[in-house]
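Structure first, commentary second.
The values are calculated or read from the model by the stated rules, or taken from the named source; none is laboratory data. Not measured: the values here are computed from a predicted model. Cβ placement follows ideal geometry from the backbone for every residue including glycine, while neighbour counts extend to all protein chains displayed.
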Amino acid sequence: MTSWLAYFTNRKGTTPATAPAAKERLQIILAHERISRKGEDFLPKLQREIVEVVARHVSIDPEKVNVSLERGGDLSALAITVELPGPGGKAHAAA
Amino acid sequence: MLGKGVRDMAQVIVVTSGKGGVGKTTSSAAFATGLAQTGKKVAVIDFDVGLRNLDLIMGVERRVVFDIVNVIQGEARLNQALIRDKRVDTLSILPASQTRDKDALTREGVQKVIEDLSADFDYVLCDSPAGIEKGALMALYFADQAIVVTNPEVSSVRDSDRILGVLQSRSRRAEEKKDPVKEHLLVTRYDGARVERGEMLKLDDIQEILRIPLLGVIPESESVLKASNTGNPVILDRESNAGQAYEDAVARFLGQERPMRFIDAPKKGFLSRVFGGRAA
């Protein structure tokens with residue numbers, strides 16, 4: 001197409017295609033939702049069990065345990081943060 | 001009953017989507033009318049108790065006397081509540097109640113209505129309300145087949161996936177471990193020109209994500225609003241792309257092969273390319 005015609009047909013200005021982003025986002029979220037649909041949300045149970053295991057070895061405050069999940073396309077990251085009491089009573093975090 | 005001896009149970013079809021506003025009622029009205037036009041006896045039930053609209057889309061709103069809740073609660077007989085369509089004589093409409101809420105539907109009551117309709121009709125089409133709550137669950141519970149209405153838009157696709165999960169786990173067929181509900185994808189409000197510009201999810205992408213057989217693609221069309229304005233199911237507008245696309249979908253449902261039409265952007269002439277133009 002000659003440039004002058006392109007000028008007319010694109011006079012509203014070209015916007016980058018957004019449909020591929022829609023597809024990618026859907027594929028990622030649905031992959032996760034299809035898995036979680038099969039069972040209950042496992043994170044609360046996981047958190048409870050981690051607290052039990054860690055508490056067998058060190059004394060911890062169950063409130064100071066944090067479990068988070070970042071859903072990604074190729075991999076998801078499960079991050080568990082347990083705050084341990086320091087020797088002088090000061091807390092330090094272990095991940 | 002209205003006649004006919006022992007016969008096979010009717011096929012129960014639910015038109016569902018999860019998300020609201022994607023075209024369930026428009027599709028139910030068009031599909032029921034199209035099926036009936038082939039000579040099949042069709043009853044279409046509005047399950048949206050409290051927010052009935054199928055009567056309006058079908059143009060029978062002034063003929064509603066009784067509704068499905070009256071039938072379930074024994075206040076009216078099924079024959080009294082069914083409205084015979086004046087355009088297609090094998091088509092009947094069972095309206096939803098406007099004054100009650102969805103708790104007025106009981107599973108036993110709905111089962112009785114569907115079984116009674118089965119004696120006289122070939123197809124019972126259930127127009128589901130939006131959501132995945134009681135009304136939607138009631139509409140899909142007895143389904144043999146499901147038409148999942150989806151717009152080329154992220155929230156609609158996600159909700160369709162969700163409702164497919166519900167069909168696979170909470171329908172009667174799932175609970176009784178019978179053959180699963182047969183699923184059909186109906187993509188509505190599709191705009192080939194916007195797809196071509198990369199602004200809208202492609203048909204192939206929707207199919208790849210939802211992974212169920214494609215029944216039809218209804219193009220975005222001004223004729224749909226015209227049809228609802230006048231209370232004539234859009235399938236009766238044979239001039240319109242949307243009407244023809246619904247007719248194709250009905251034919252495919254009955255086992256015929258039809259090429260997908262109205263998917264590509266309309267070829268524009270030089271003048272409309274320069275000055276713009278809208279699809280009919």
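Cβ separations smaller than 6 Å between residues 6+ apart or across chains give the following pairs from the stretch B:194-223 residues that are closer than 18 Å to B:ASP248 by Cβ to residues that are among the aromatic types (Phe, Trp, Tyr): B:VAL217/B:TYR190; B:PRO219/B:TYR190; B:PRO219/B:PHE262. Within the option set B:LEU254, B:LEU236, B:LEU203, being under 26 Å from A:ALA21 (Cα atoms) and touching a helix residue (DSSP H, G or I) at 6+ places or on another chain (Cβ under 9 Å) holds for one residue only, B:LEU203. Answer yes or no: is there a residue in the stretch B:64-75 that is in contact (Cβ under 8 Å) with a residue 60 or more places away in the chain and surrounded by fewer than 19 Cβ atoms within 10 Å (Cβ to Cβ). The answer is no, given that none of the residues of the stretch B:64-75 is in contact (Cβ under 8 Å) with a residue 60 or more places away in the chain and surrounded by fewer than 19 Cβ atoms within 10 Å (Cβ to Cβ).
Each row is one residue, and each column tells you yes or no for (1) under 14 Å from the mean Cα position of the chain (by Cα); (2) away from every other protein chain (no Cβ under 14 Å).
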| position | (1), (2) |
| --- | --- |
| A:LEU26 | no, no |
| A:ILE29 | yes, no |
| A:LEU43 | yes, yes |
| A:VAL54 | no, yes |
| A:VAL65 | no, yes |
| A:GLU70 | yes, yes |
| A:ILE80 | yes, yes |
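Yes/no matrix, rows are residues, columns are (1) crowded, with 21+ Cβ neighbours inside 10 Å; (2) touching a Gly at 6+ places or on another chain (Cβ under 9 Å):
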position: B:ALA143; (1), (2): yes, no
position: B:VAL154; (1), (2): no, no
position: B:SER169; (1), (2): no, no
position: B:LYS182; (1), (2): no, no
position: B:ARG189; (1), (2): yes, yes
position: B:ILE206; (1), (2): yes, no
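Restricting B:ALA265, B:ALA227, B:ALA174, B:ALA245 to residues that are more than 23 Å from B:SER17 (Cβ to Cβ) and hydrophobic (A, V, I, L, M, F, W, C) narrows the list to B:ALA265.
Taking the stretch B:205-220 as the range and being away from chain A (no Cβ under 13 Å), outside any strand (DSSP E or B) and within 18 Å of B:GLY23 (Cα to Cα) as the test, only B:GLU220 passes. Screening the stretch B:40-137 for helices (runs of 4 or more DSSP H) wholly inside it with 1 or more residues that are among the charged types (D, E, K, R), under 18 Å from the mean Cα position of the chain (by Cα) and under 18 Å from B:SER228 (Cα atoms) returns the ranges B:54-57. Among the residues of the stretch B:139-155, those that are in contact with a Ser or Thr (Cβ under 7 Å, 6 or more places away or on another chain) and either in a loop (DSSP other than H, G, I, E, B) or at the interface with chain A (Cβ under 10 Å from one of its Cβ atoms) (or both) comprise B:ALA143, B:ASN151. Here B:ARG194 clears all of (1) in contact with a Phe, Trp or Tyr (Cβ under 8 Å, 6 or more places away or on another chain); (2) outside any loop (DSSP other than H, G, I, E, B); (3) farther than 26 Å from B:ILE114 by Cβ except the condition numbered (1).
Please verify whether the stretch B:238-248 includes one or more residues that are away from chain A (no Cβ under 14 Å), part of a helix (DSSP H, G or I), of a type in the set (A, V, I, L, M, F, W, C) and surrounded by fewer than 21 Cβ atoms within 10 Å (Cβ to Cβ).
No; the residues of the stretch B:238-248 include none that is away from chain A (no Cβ under 14 Å), part of a helix (DSSP H, G or I), of a type in the set (A, V, I, L, M, F, W, C) and surrounded by fewer than 21 Cβ atoms within 10 Å (Cβ to Cβ).
When B:MET200 is tested against the conditions (1) closer than 21 Å to B:GLN256 by Cα; (2) not in a strand (DSSP E or B), the lone failure is (1). If we keep just the residues of the stretch B:21-58 that are touching a helix residue (DSSP H, G or I) at 6+ places or on another chain (Cβ under 7 Å) and of a type in the set (Gly, Ala, Ser), which is surrounded by the most Cβ atoms within 10 Å (Cβ to Cβ)? The selected residue is B:ALA29. All of B:LYS182, B:LYS177 fail the test of being away from chain A (no Cβ under 14 Å) and at positive phi, apart from B:LYS177. State yes or no: is A:ILE50 at pLDDT 75 or above, out of contact with any helix residue (DSSP H, G or I) (no Cβ under 9 Å at 6 or more places or on another chain) and surrounded by 10 or more Cβ atoms within 10 Å (Cβ to Cβ)? When the stated conditions are applied, A:ILE50 passes them.
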